[in-house]
Amino acid sequence: MKKLKFKPRTMAFRLSLLALLELLCWMDTGVASACQADGMVVVGSGESGIRTVRFDACTGSFIGPVQLAADASKVRWLLRHPQRPVLYAAVEGGEKQGLVQAYVLDERSGTLASWGEAGSGGSGPTHLWLDETSQTVMVANFGSGSVSSVPLQTDGRLGPLTQTLAATGSGPHRRQASAHAHGVVVDPSGRHVLVADMGSDRVWVYGFDRNRRSLQAAPPASPAPASWRAPEGSGPRRALFGRDGRHVYVLGELDAAISVLSWNPQAVQLAEVQRLDLSRSAAPGSTTNATSASEMALSRDGRFLYVANRGENSLEVYRVDQDSGQLSLLQTLPSGGDAPWAFDIHASGRWLLVANYRSNQLRLLGIDSTSGLLTDMGQSVDTPAPVSVLFAN
C-alpha cells in the first residue's frame, strides 16, 4: 500500500500546528508561556550587590555564570513590576533611612539600569508588596517598626513616599525590644493592610485608601488600630492571604510555627483557627539548630503552602483545605544548603528556587502540579549571601 504524505504547505495548516503545540505546552504546565528557555533570575545579596543568572524554564537549568547587575548595599527584598521590565529593591541604606530603589532589567544582557529611588520612611526596609490595583508599593521597615506606602508612576518609576505609620510594642525574646515590621500585605478588598510585626508579637491592621494611595492608622469601621495578638515570643515574620480571601497564614520566625487565621473584613477581625509547629529534626532539648522560620508562599492555584524552615535547613509542603483553610503536612525535605532565607515560585508553577544564605547558593526544586510535592533537581548555582530571589520573567 502506498503511504500517504501530507505536506503542510498552507499557512492555515501551519498556524493550526503552532496552536496545537502551544495547547500541548499549556496542558503540560498550566501556563501558556511557562516554557521559556531564556528567562532571568535576579538575586539580592545580604552583603552587597544585585546579581542575575539566566534560567531555562523548559529544562530547569541555569545558563552561564552569575553576574553582578547592580551595585547596591544589603538588598533585603526584590519585587517585580507585573507588566514592565522594572524591579524594586528594599535596600537597608543608612541608620535612620532606608531606600526603595527601582531598576530597569535588560533581558538580553541581564544588567540593571537605575530607574530612581524613594525613601522607605524608616530604617531597615525588609519586605515589599505591590498593590496592583492602585499601583502602590508597601514597605515594611524592620528597624523602625513602620510601614510606608510609595506610589508608582505610569512608567514604573517610584513616586514620592505618601505616608508612614509606626507601631509600638515589644516581646519577651532578646530580639523583641521594640516593634519590628517584617512583612506587609494588602487584603483582597484593598481596604486594609496587614503588617506582621516580629518585635511586638502582633499582626497590625491598618486602613488603606486606594484612590489616595495612603495608609490610615485606624482601618475602616474601626475606631482605633486593630491587631491580632500572636503567642508571646513567636515573632510574626510574614502574613499571607489564602486564595479564598477568608484566611490568613502567619509565619512565626522565632518559634517556627504557622497560625491559620480567619479574616472578617467587615468587623476588621482576625481569629485563630489552627496553629501548628514546623518539623523539628533535632532531638528534644537539643540546641544543635536554632528555631527559625523564614519564608512561605502559596502555589499558583492556592492548594499548597510552601514554607522555609531556616533552623532545620528544610522546606515543608502543606495541603490547604479549600473549605476550612486549615493545613496538613505533606512533605519535609532538605533545602539543599545552609539557612534557606527566601524562595520564589516560577510563573509556570513548575519550579521553586531557594536562596541558601550561609552556603552562598541557589538551589532548584521541581514542583509536581498534581501532588504539590517537591523534588530536588540537583541544580545549583553559587552566589554570595543570597537573601532574596525572584524569577524576573
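Of everything in the range 135-187 that is closer than 17 Å to W77 by Cα and part of a loop (DSSP other than H, G, I, E, B), the residue that is least open to solvent (accessible area, probe 1.4 Å) is G145. If we scan the range 262-283, do we find a residue that is closer than 23 Å to F142 by Cα, at pLDDT 95 or above and of a type in the set (G, A, S)? Scanning the range 262-283, I find no residue that is closer than 23 Å to F142 by Cα, at pLDDT 95 or above and of a type in the set (G, A, S), so the answer is no.
Criterion applied to T370, T375, T383 was being free of Cβ contacts under 8 Å to residues at least 12 places away in the same chain and within 24 Å of M40 (Cβ to Cβ), and the one residue passing it is T375. Quick one: would you say Q83 is at pLDDT below 95 and not β-branched (V, I, T)? Spelling it out, Q83 is indeed at pLDDT below 95 and not β-branched (V, I, T).
Return the residues of the range 355-393 that are assigned to a strand (DSSP E or B), hydroxyl-bearing (S, T, Y) and within 19 Å of the chain's Cα centre (by Cα); say none if nothing qualifies. Listed by number, the list holds a single entry, S388.
If we scan the range 363-371, do we find a residue that is of a type in the set (D, E, K, R), at pLDDT 95 or above and under 25 Å from A196 (Cβ atoms)? No - not one qualifying residue is present in the range 363-371. Among the residues that make up the range 94-101, is at least one of them open to solvent by 50 Å² or more (accessible area, probe 1.4 Å), in contact (Cβ under 8 Å) with a residue 24 or more places away in the chain, acidic (D, E) and out of contact with any helix residue (DSSP H, G or I) (no Cβ under 8 Å at 6 or more places or on another chain)? Yes.
Looking for whichever is open to solvent by 10 Å² or more (accessible area, probe 1.4 Å), in contact with a strand residue (DSSP E or B) (Cβ under 9 Å, 6 or more places away or on another chain), over 30 Å from Q153 (Cβ atoms) and polar (S, T, N, Q) here; the options are S259, S214, S227. Which one fits? Steps first, answer last, please.
Numbers: S259 fails: open to solvent by 10 Å² or more (accessible area, probe 1.4 Å); S214 fails: over 30 Å from Q153 (Cβ atoms).
Among S259, S214, S227, only S227 is open to solvent by 10 Å² or more (accessible area, probe 1.4 Å), in contact with a strand residue (DSSP E or B) (Cβ under 9 Å, 6 or more places away or on another chain), over 30 Å from Q153 (Cβ atoms) and polar (S, T, N, Q).
The sole residue among S359, S371, S380, S388 that is crowded, with 21+ Cβ neighbours inside 10 Å and among the polar types (S, T, N, Q) is S388. Please state which one of A37, A57, A72, A89 is of a type in the set (A, V, I, L, M) and open to solvent by 40 Å² or more (accessible area, probe 1.4 Å). Step by step, each of A37, A57, A72, A89 is checked, and only A37 is of a type in the set (A, V, I, L, M) and open to solvent by 40 Å² or more (accessible area, probe 1.4 Å). From the list V150, V137, V91, the lone residue that is over 27 Å from S189 (Cα atoms), under 20 Å from the mean Cα position of the chain (by Cα) and of a type outside the set (D, E, K, R) is V91. Residue check: is A181 out of contact with any Lys or Arg (no Cβ under 9 Å at 6 or more places or on another chain) and touching a residue at least 12 places away in the same chain (Cβ under 8 Å)? Yes, satisfied. The residues in the range 307-354 that are under 17 Å from G60 (Cβ atoms) and touching a Pro at 6+ places or on another chain (Cβ under 6 Å) can be counted, and the count is 1. Of all residues in the range 224-243, those being out of contact with any Lys or Arg (no Cβ under 9 Å at 6 or more places or on another chain) and at pLDDT 95 or above number 9.
Filtering the range 305-330 to residues that are open to solvent by 50 Å² or more (accessible area, probe 1.4 Å) and outside any loop (DSSP other than H, G, I, E, B) leaves R319, S328, L329, L330.
Counting the residues of the range 94-134 that are acidic (D, E), under 20 Å from the mean Cα position of the chain (by Cα) and not in a loop (DSSP other than H, G, I, E, B) gives 1.
The values are calculated or read from the model by the stated rules, or taken from the named source; none is laboratory data. Note that the structure is predicted; figures quoted are calculated from it, not measured. Cβ coordinates were reconstructed from backbone atoms using ideal geometry, including for glycine residues, and neighbour counts include every protein chain displayed. Ligands, DNA and RNA are excluded from the accessible area calculation, which covers all protein heavy atoms including side chains. Shrake-Rupley method; radii C 1.70, N 1.55, O 1.52, S 1.80 Å.
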